[in-house]
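Have a look at the structure below, then the notes.
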Amino acid sequence: MPIDLEKAVGAELAGGTAVWTEDDVILYHLGVGAGVPPTDPAELRYAYEGDLQVLPTYATIPQFPVMMSVGYAPGFDINPAMILHGEHEIVVHEPIPTSGTVIQNGSVTEILDKGTGALAVVEIVSTLEKTGKPLFTNRASIFIRGEGGIGGDSGPSTTDLTTSRDPDHVVESVTLPQQALLFRMASGDKNPLHADPGFAAFAGFDRPILHGLCTYGIVCKAVVDHALEGRSDAVASFRARFSGVVYPGETLISSVWDDGDQLILNAIAKERGVTVLTNGLVKRTT
């Protein structure tokens, strides 16, 4: 059987050390659309080392190789091309420094049988080497197409977070036609789905699509800039579901509802009117 539940649940992922510098942080920020307009002091806080702050979603970058090693963990024998990123959550334990080294440990915490596929939940804890304390935690839900019917729990039914009133903030974020090419260099996610038209067509898309974690970063920046007074350190956690694809060059419209100590959000691709991110929830630091 491609997935052996007995071996897979609790399996450790390939960990190791990750290092970043100010240049890596700035490149990531440019990859999620920072720096427009280039002389805006608020944008320069993302794109210039003079007063650099770090978006909390940078936490998704050091952990990425660990997350993607799930297909090679004990109990798994799957085709990596059948993997889809379903949901993602970051918990930021301390403000992310502009440079640093983290020791990373990950494991498969749960596998759910969704019928048409299996949903593997992985957790990666990144500990700052300098302090020995957890800096951020990533939790990802990885959907593996065609691997359903393995038995076990299907998990609770989920409903989207909604509110009946108008949003407190509506933010438009324009993506570049070459946004996916830029983000793949900033993130290290070299999946050809985001660059090769032929591969994208084989996968059933009109053209290469934007990385889900790029959309995740763009929406988080919109929240920080417009609902949190530009304070990256105001985000304690952020989770969201990737409910649709974004094509580079499209405009994302993020709607944000302020609910006290948390913010509810979603995003659509303006040109097609398609919802691309749902169940968004940002919790503020206390």
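Listing for the model above:
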{"item": "For LYS221: the one exception among (1) basic (Lys, Arg); (2) crowded, with 19+ Cβ neighbours inside 10 Å; (3) more than 21 Å from ALA140 (Cβ to Cβ)", "result": "(3)"}
{"item": "Pairs with Cβ under 9 Å, 6+ apart, first in region 264-286 and free of Cβ contacts under 8 Å to residues at least 40 places away in the same chain, second surrounded by 15 or more Cβ atoms within 10 Å (Cβ to Cβ) and charged (D, E, K, R)", "result": "ALA269/GLU250; GLU271/GLU250; ARG272/GLU250"}
{"item": "Residue list for region 72-84, restricted to those being in contact with an Asp or Glu (Cβ under 9 Å, 6 or more places away or on another chain) and in a helix (DSSP H, G or I)", "result": "MET82"}
{"item": "Pick from region 131-147, criterion surrounded by fewer than 18 Cβ atoms within 10 Å (Cβ to Cβ) and modelled with pLDDT under 95, ranking: farthest from ARG239 (Cα to Cα)", "result": "GLY146"}
{"item": "Residue list for region 186-218, restricted to those being part of a helix (DSSP H, G or I) and surrounded by fewer than 14 Cβ atoms within 10 Å (Cβ to Cβ)", "result": "PRO197, GLY198, ALA201, PHE202"}
{"item": "So TYR58, is it touching a residue at least 12 places away in the same chain (Cβ under 8 Å), over 16 Å from VAL92 (Cβ atoms), part of a helix (DSSP H, G or I) and among the hydroxyl-bearing types (Ser, Thr, Tyr)", "result": "no"}
{"item": "Candidate set: region 227-267, residues that are part of a strand (DSSP E or B) and aromatic (Phe, Trp, Tyr); chosen: the one farthest from the chain's Cα centre (by Cα)", "result": "TRP257"}
{"item": "Unique residue being at pLDDT 95 or above and in contact with a helix residue (DSSP H, G or I) (Cβ under 7 Å, 6 or more places away or on another chain) when the list is LEU228, LEU193, LEU181", "result": "LEU228"}
{"item": "Among residues of region 108-130, those that are under 13 Å from ILE142 (Cβ atoms) and either free of Cβ contacts under 8 Å to residues at least 40 places away in the same chain or open to solvent by 10 Å² or more (accessible area, probe 1.4 Å) (or both), counted", "result": "9"}
{"item": "Search result, residues across region 22-73 that are open to solvent by 10 Å² or more (accessible area, probe 1.4 Å), of a type in the set (S, T, N, Q) and touching a strand residue (DSSP E or B) at 6+ places or on another chain (Cβ under 8 Å)", "result": "SER69"}
{"item": "Within region 4-22, tally of residues that are at pLDDT 90 or above, over 17 Å from MET68 (Cβ atoms) and not in a helix (DSSP H, G or I)", "result": "5"}
{"item": "Residue that is nearest to VAL219 (Cα to Cα) [pool: residues in region 85-106 that are open to solvent by 60 Å² or more (accessible area, probe 1.4 Å) and assigned to a loop (DSSP other than H, G, I, E, B)]", "result": "PRO95"}
{"item": "Evaluation of PHE76 against (1) under 20 Å from the mean Cα position of the chain (by Cα); (2) within 30 Å of LYS7 (Cβ to Cβ); (3) buried (at least 20 other Cβ atoms within 10 Å of the Cβ) (one fails), failing number", "result": "(1)"}
{"item": "The lone exception for GLY188 - which of (1) more than 26 Å from ILE268 (Cβ to Cβ); (2) touching a residue at least 40 places away in the same chain (Cβ under 8 Å); (3) more than 22 Å from the chain's Cα centre (by Cα) it fails", "result": "(3)"}
{"item": "So MET82, is it closer than 18 Å to PHE242 by Cβ, over 16 Å from the mean Cα position of the chain (by Cα), open to solvent by 20 Å² or more (accessible area, probe 1.4 Å) and modelled with pLDDT under 95", "result": "yes"}
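Rundown of residues vs (1) open to solvent by 40 Å² or more (accessible area, probe 1.4 Å); (2) more than 19 Å from CYS214 (Cα to Cα); (3) touching a Cys at 6+ places or on another chain (Cβ under 8 Å); (4) among the aliphatic types (A, V, I, L, M), yes/no style:
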{"position": "HIS226", "(1), (2), (3), (4)": "yes, no, no, no"}
{"position": "VAL235", "(1), (2), (3), (4)": "no, no, yes, yes"}
{"position": "LEU252", "(1), (2), (3), (4)": "no, no, no, yes"}
{"position": "ASP261", "(1), (2), (3), (4)": "yes, yes, no, no"}
{"position": "ASN266", "(1), (2), (3), (4)": "yes, no, no, no"}
{"position": "ALA269", "(1), (2), (3), (4)": "no, no, no, yes"}
{"position": "VAL274", "(1), (2), (3), (4)": "yes, no, no, yes"}
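The values are calculated or read from the model by the stated rules, or taken from the named source; none is laboratory data. Keep in mind the model is a prediction, meaning the values are calculated, not measured. When we count neighbours, we look across all protein chains shown, and the Cβ atoms used for this are built from the backbone with ideal geometry, even at glycine. Just so you know, the surface numbers come from the protein's heavy atoms only, side chains and all, with ligands and any DNA or RNA stripped out. Shrake-Rupley method; radii C 1.70, N 1.55, O 1.52, S 1.80 Å.
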